[in-house]
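Asks: Got a structure for you, questions after.
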Amino acid sequence: MKQLLFIIFVSAFISAAPCAAQTAAVPISDAAGARSALSSAAAKDRLQAISYLAMARDFETLAGHFASEKDAYLRVQIVEALDVAGSTWAYACAGLAAADGNQAVRQAAAGAIAQRTGAAEANKQLGALAADPSENVRAAVVNAMQQHPGAAAAAIVGGVLADKAATPMLRREAAASLARMKNKEADAELLKHAADPDKEIRASVSSRTPAKPKPAKTKKKPAAKR
């Protein structure tokens, strides 16, 4: 009886082995294999394909796949791999991500589009993300702007700081971000809030307010010799 059970067990294991092999991820060795894997039902296969195509800088294929990718995590992986500054396909994909229904994807879009800060269309998209219903998305814009300081970044973050309906934490982050930019445009935005009720915001303003020069000491004239 025991021998019969052993034979049945071994037979079942052998018959199941092909199924296990079929579900295992197949290593991707070329671009064609990666493109094929994007249509796999298994998320792990699609993730592997996204990683391969990102390394190959095939942003056209990634942009084409983005809209049909149902897994939000994988959409984030696509966006974070984009070289928006160097590829129009990547920029187009980031634009789609900025309107995504998932906030994590929109957060990733903020960092990607920030690579084009200063361009009119990118500034418009970043401004919209800076007014996003999700505070996490707005904070992502504020943080991304520190990496691309300039007039456009200062104006976008200044808009967040000026929003009295924003949470104190977000406004403080905006003030700190402006202070870290260390340029005249950011300083000008900060100075608008020199009398802000929030002491942390005032501290950020003070950190960038030039100290008043001390009056020069007048040397006393030596007494005339008699």
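The values are calculated or read from the model by the stated rules, or taken from the named source; none is laboratory data. Here the structure is a predicted model, which means the values were calculated and not measured. Cβ: placed from backbone, ideal geometry, glycine included. Neighbour counts: every protein chain shown.
Asks: Would you pick out the residues in region 17-51 that are at pLDDT 75 or above and surrounded by fewer than 17 Cβ atoms within 10 Å (Cβ to Cβ)?
Replies: Those that are at pLDDT 75 or above and surrounded by fewer than 17 Cβ atoms within 10 Å (Cβ to Cβ): D30, A31, A32, G33, S36, S39, S40, A41, A42, A43, K44, S51.
Asks: Separate question: Please tell me if A165 is under 24 Å from A99 (Cα atoms), of a type in the set (A, V, I, L, M), modelled with pLDDT under 95 and assigned to a loop (DSSP other than H, G, I, E, B).
Replies: Answer is yes for this residue.
Asks: Kindly establish whether A119 is among the aliphatic types (A, V, I, L, M), surrounded by 15 or more Cβ atoms within 10 Å (Cβ to Cβ) and without any contact (Cβ under 8 Å) to a residue 24 or more places away in the chain.
Replies: So A119 fits the description; yes.
Asks: Also: Let me spell it out: the conditions are (1) modelled with pLDDT of 95 or more; (2) in contact with a Ser or Thr (Cβ under 6 Å, 6 or more places away or on another chain); (3) not in a helix (DSSP H, G or I), and H193 meets all of them except one. Which number is the exception?
Replies: Tallying (1) modelled with pLDDT of 95 or more; (2) in contact with a Ser or Thr (Cβ under 6 Å, 6 or more places away or on another chain); (3) not in a helix (DSSP H, G or I), H193 fails exactly one: (2).
Asks: I need the full set of residues from region 26-70 which are touching a Lys or Arg at 6+ places or on another chain (Cβ under 7 Å) and in a loop (DSSP other than H, G, I, E, B), in order please.
Replies: L38, S40, E69, listed by residue number.
Asks: Are there any pairs, at least 6 apart or on different chains, whose C-beta atoms fall under 8 Å, with the first in region 81-102 and surrounded by fewer than 17 Cβ atoms within 10 Å (Cβ to Cβ) and the second polar (S, T, N, Q), and if so, which?
Replies: So the pair list comes out as D83/Q115; A85/Q115.
Asks: Anything in region 139-174 that is of a type outside the set (G, A, S), over 18 Å from R208 (Cβ atoms) and surrounded by 23 or more Cβ atoms within 10 Å (Cβ to Cβ)? List them, or say none.
Replies: Within region 139-174, V141 is the sole residue that qualifies.
Asks: While we're here: Pick out the one residue from A109, A54, A63, A90 that is closer than 29 Å to A176 by Cβ and either assigned by TED's automatic domain parsing to the domain that holds M181 or touching a helix residue (DSSP H, G or I) at 6+ places or on another chain (Cβ under 9 Å) (or both).
Replies: Answer to the selection: A109.
Asks: Name the residue that is farthest from E80 (Cα to Cα), counting only residues in region 52-63 that are of a type in the set (G, A, S) and surrounded by 15 or more Cβ atoms within 10 Å (Cβ to Cβ).
Replies: A63
Asks: How many residues are over 18 Å from the mean Cα position of the chain (by Cα) and over 22 Å from D132 (Cβ atoms) when one looks only at region 52-69?
Replies: Selection size over region 52-69: 11.
Asks: Outside any helix (DSSP H, G or I) and more than 23 Å from A165 (Cβ to Cβ) - does that describe any residue in region 118-129?
Replies: So far as region 118-129 goes, yes, one or more of its residues are outside any helix (DSSP H, G or I) and more than 23 Å from A165 (Cβ to Cβ).
Asks: Test of understanding: among A131, A110, which residue is of a type in the set (G, A, S), surrounded by fewer than 16 Cβ atoms within 10 Å (Cβ to Cβ) and within 30 Å of R208 (Cα to Cα)?
Replies: That would be A131, the only listed residue that is of a type in the set (G, A, S), surrounded by fewer than 16 Cβ atoms within 10 Å (Cβ to Cβ) and within 30 Å of R208 (Cα to Cα).
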